[in-house]
1. Per residue of the stretch 136-153, what does 6.51 cos²θ - 1.76 cosθ + 1.60 with θ = phi - 60° give for ³J(HN,Hα)? Whole Hz please, x for Gly and Pro, Karplus curve as stated.
2. So what are the ³J(HN,Hα) numbers for the stretch 162-168, from phi and the Karplus equation (6.51, -1.76, 1.60; θ = phi - 60°), rounded to whole Hz, Gly and Pro as x?
3. From the mean inverse distance of alpha carbon pairs (Kirkwood) and the Cα radius of gyration, derive Rg over Rh for the chain.
4. Would you mind checking K125/K167; K75/K125; K93/K162; K91/K141; K115/K187; K91/K125 for any pair whose Cα atoms are more than 19 angstrom apart?
5. Hey, what do the phi angles of the stretch 75-83 turn into as Karplus ³J(HN,Hα) couplings, whole Hz, using 6.51/-1.76/1.60 and θ = phi - 60°, x for Gly and Pro?
6. 5 Å is the cut-off here: which amide hydrogens, built 1.01 Å from N in the peptide plane, fall below it relative to C130, excluding neighbours closer than 5 in sequence?
7. Whole angstrom only: what separates the Cα centroid of the stretch 1-57 from the Cα centroid of the stretch 152-215?
8. What are the residues whose amide H is under 5 Å from the amide H of M103, where those residues sit 5 or more places off or on another chain and H is modelled from the backbone?
Amino acid sequence: MFSKYIGQYMELELSGNILVFGNLIEESTDILVLYTGEVYRYVPQRHIKNYSFPIIDEEIEGGEDPEISETSFRKMLMNAKGLFVEILFTKNKPIYGYIVGIMNNYFIFHSPAYKTMFISMEHVKWLTVCDDEKGPYGLSKSEQLLQVSSLSWARTLEEQLKKLTNKLVVLDLGQHPMDIGRIIQLKDGLIHMMDAQGEEFYVNMRHVKSFQFPQ
C-alpha cells in the first residue's frame, strides 16, 4: 500500500493522538520505517489512524540505510535485541533501554529507570534504535543487563502476570491510580487487584501495555 510513496516525506497520526513524521524509507505488511533526519522510527501499521504527504520546504537528508533492514515486526524486535533503543507505547513518554527477551505476544525490556519490564507487542507505537555506544543515561550496557530480573519468562503476557499472583505490580508506568496494586487473580481477561488502601478493582487485560514489579 505504501510502496509507491518510498522516499517521500509523510506525517502520521497514531492511536493515542501521537504524531510521527519523516521520510518513508521502507514498508512491509505490518510496519513502516521513517527517517526523521536524526533517527529511524519503526512504526507498526496497526496503530496508524491517518496519514498525509505534505510538501515541505526543506528535504530531510539521508536515511537510505536503516540499521535494521528486515521489516516484519517480530524480525525488527529480534534484530534490536541487545541494542539501546527508545520505545513508545504510551503518549509522550518514551522509555529507554534494552530488549532482552522476546516471547509470543510480549517482550522483556530492561530500563535503567523502570528495571525489568514486560511490554505487550500489541501496544508498541514505535521503536527507535539509539546510539549503542553511549547507552541510556550514560550507563554501560554490561552493568545494566546484570540487573535483569531472574524471574523465569512465560510464553504469553497473560501467563507472565499469573506468575505474579499476590505480588505488587505497576501497570503502564503507573500513570493512573489503578495502575498500581497487588494481583489477586487473573481470570477471563480481567486482572483482579487490590490498591494500597485495600480496595479491590479490576483491569481489562486487553488494555495493559506493560507491567513491572518492584524488586
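1. So the J values, rounded to whole Hz, are x, 6, x, 8, 6, 5, 4, 5, 5, 5, 5, 8, 4, 4, 7, 4, 5, 9.
2. Running phi through 6.51 cos²θ - 1.76 cosθ + 1.60 with θ = phi - 60° gives 4, 5, 9, 4, 6, 9, 7 Hz.
3. Working: Rg = 18.3 Å, Rh = 18.3 Å.
With Rg and the Kirkwood Rh in hand, the quotient comes to 1.00.
4. Values: K125/K167 28 Å; K75/K125 16 Å; K93/K162 27 Å; K91/K141 26 Å; K115/K187 27 Å; K91/K125 9 Å.
Exceeds cut-off: K125/K167; K93/K162; K91/K141; K115/K187.
5. 5, 4, 4, 4, 6, 8, 4, x, 8
6. For C130, whose amide H was placed from the backbone, the distant partners under 5 Å are F84, V85, E86.
7. Their Cα centres are 33 Å away from one another.
8. I108
The values are calculated or read from the model by the stated rules, or taken from the named source; none is laboratory data. Predicted, not measured: the structure shown is a model, and the values here were computed from it. With ideal geometry, Cβ positions are generated from the backbone for all residues, glycine too; neighbour counts draw on all protein chains shown. Protein only, heavy atoms only, side chains kept; ligands, DNA and RNA dropped before computing areas. Shrake-Rupley method; radii C 1.70, N 1.55, O 1.52, S 1.80 Å.
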